[in-house]
1. Express the relative contact order of the stretch 1-151 as a whole percentage, based on alpha carbon pairs under 8 Å and six or more residues apart in sequence.
2. From the square roots a ≥ b ≥ c of the eigenvalues of the alpha-carbon gyration tensor of the stretch 168-315, which class results: rounded (a/c under 1.5), prolate (a/b over b/c), or oblate?
3. Give, in nm to one decimal, the length gained when the segment between Arg244 and Ala386 is fully stretched (0.36 nm per residue of separation minus the Cα-Cα distance).
4. In what sequence, highest mean first, do 16-26, 261-271, 340-350, 49-59 appear when ranked by Cβ atoms within 10 angstrom?
5. Please work out how much length the chain gains when fully extended from Gln356 to Thr428, using 0.36 nm per residue of separation minus the C-alpha to C-alpha distance, in nm with one decimal.
6. Using a Förster radius of 25 Å, what is the FRET efficiency between Ile33 and Ile155 based on their Cβ-Cβ separation? Nearest 0.05, please.
7. For Lys48 and Leu25, FRET efficiency with R0 = 30 Å and r from the beta-carbon atoms, rounded to 0.05?
8. In the chain, which whole DSSP H runs stretch at least 24 Å along their own axis (Cα) and average -1.0 or higher on the Kyte-Doolittle scale?
Amino acid sequence: MSTTSKWQVSDAAHHLHPFTDHGALAAKGTRVITRAEGIYLYDSDGNKILDGMSGLWCVNLGYGRQELIEAAHKQMQELPYYNSFFQCTTPPAIELAELLSDIAPSHINHVFFTSSGSEANDTVIRLARYYWACQGKPEKKTIISRWNGYHGSTIGGASLGGMKPMHGQGDLPIPGICHINQPYWFGEGYTEDSTAFGVRVAQELEQKILELGEDKVAAFIAEPIQGAGGVIIPPDSYWPEINRICKKYDILVVSDEVICGFGRTGQWFGSDYYGVKADLMPIAKGLSSGYMPIGGVLVSDRVSQALKQSGEDFNHGYTYSGHPTAAAVAVATLKVMHSEDLVTRVRDELTPYYAQAFGSLADHPLVGEVRTTGLLGAIELMQDKASHSFFAEKGAAGNCCRDFSIANGLVMRGVGSTMITCPPLVITKSEIDLLVERARKTLDDTAAQLL
Ligand SMILES: *Cc1c(COP(=O)(O)O)cnc(C)c1O
């Protein structure tokens with residue numbers, strides 16, 4: 001038996017994977033990724049694959065970065081772990097909190113650390129409700145979110161998210177969370193003017209607040225651009241209207257920056273890109289370029305002041321909040337981003353290049369729309385683009401395209417029949433050309449199969 005086969009058998013026997021049909025996976029066998037360098041993955045059969053998804057939206061600096069590896073090594077020798085409970089802290093946690101406050105908008109100067117985006121969003125629920133309780137408004141506790149948003153997979157995160165297949169397994173959402181429609185113009189508003197659509201969908205927030213009563217609504221949470229939902233880029237009219245509504249009814253704005261944060265849009269944060277003033281910003285993924293599990297919530301002065309003046313404990317936290325080794329790797333990540341001026345490079349060089357190169361796929365007969373912002377990209381596969389007809393089985397079409405993509409040496413992910421990309425921020429222009437060349441070949445192969 002080959003090494004790959006042995007691994008596959010053992011994996012199928014003992015390993016339960018996230019978001020996986022285990023029967024189907026056992027029949028097919030897992031792909032074993034054994035090493036990676038730059039923007040390329042290598043599997044146990046020796047295939048070299050361009051990682052068009054940055055791992056899972058996180059390996060922004062690419063693989064094999066010595067600065068990050070050395071930061072972890074050094075910190076593990078010095079102090080691998082200590083907690084930040086009981087009036088203690090560690091130098092990497094201090095340094096990271098300060099670096100984050102420097103890059104955050106001026107009204108945000110604090111961070112609460114977690115180990116993941118899901119934990120960050122559970123922290124958001126705790127913080128938003130506690131904030132209003134501190135203002136003498138304990139009833140102001142409902143959180144409004146969006147269908148097809150993604151905010152993680154803990155009970156809290158999955159409830160905030162609007163993924164119906166997740167809600168269906170486990171009696172979610174928990175009480176006190178409700179959902180409005182997403183600003184998905186291509187999929188749900190195509191016959192309408194996109195500007196008018198953006199405003200109309202944003203106004204569902206106002207209707208929901210009026211329905212619930214503004215004294216019952218704590219916060220609105222959204223990703224600046226939806227990632228897992230299919231790289232859904234809202235019309236430009238959407239966020240200004242959301243801003244207006246949240247201000248009018250005094251609702252906390254939570255910008256889930258787990259994907260959009262750390263340069264993905266060509267700004268430090270997605271909320272900077274859209275000019276949104278957020279009260280809370282959950283972060284994770286790119287914070288450590290995925291090298292260590294670390295996340296957090298960036299907390300505005302308004303909310304941090306309430307915590308500081310409450311006169312009691314905020315009864316929340318994790319064993320690994322501010323984990324020194326994870327924090328040291330995050331510090332190293334931010335230092336590399338600063339020294340390479342990466343956010344500016346994404347904004348000025350890569351964003352226009354990606355928009356043009358990846359956007360050129362729009363002429364393909366299988367493609368109804370290509371959209372990009374920064375280094376996020378999506379391709380809408382269509383049965384018939386002239387009549388705006390989607391495939392009857394969207395998931396099957398997306399999976400077919402994804403399988404061809406990997407066979408062509410490119411990781412793209414399918415969300416329904418939307419193919420999505422999120423390449424490392426260190427990708428070069430010639431590597432973008434290669435990504436697009438492989439994507440076009442993939443579309444040809446998929447069209448030959450499906451059309
Ligand atoms: C991935 C993701 C999360 C969850 O992060 P985990 O680290 O997987 O818990 C939350 N919000 C958004 C927007 C994400 O993309």
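The values are calculated or read from the model by the stated rules, or taken from the named source; none is laboratory data. Given the structure is predicted, the values throughout are model-derived calculations rather than measurements. Neighbour counts are summed over all protein chains in view; Cβ atoms, including those assigned to glycine, are modelled from backbone coordinates with ideal geometry. The accessibility values were calculated without ligands, DNA or RNA, using every heavy atom of the protein model including side chains. Shrake-Rupley method; radii C 1.70, N 1.55, O 1.52, S 1.80 Å.
1. 10
2. Verdict is oblate for the stretch 168-315.
3. Contour length minus the Cα-Cα distance gives 47.4 nm.
4. 261-271, 49-59, 340-350, 16-26
5. Net length gain for the segment: 24.5 nm.
6. Efficiency computed from Cβ-Cβ geometry: 0.25.
7. 0.85
8. 117-134, 194-212, 429-450
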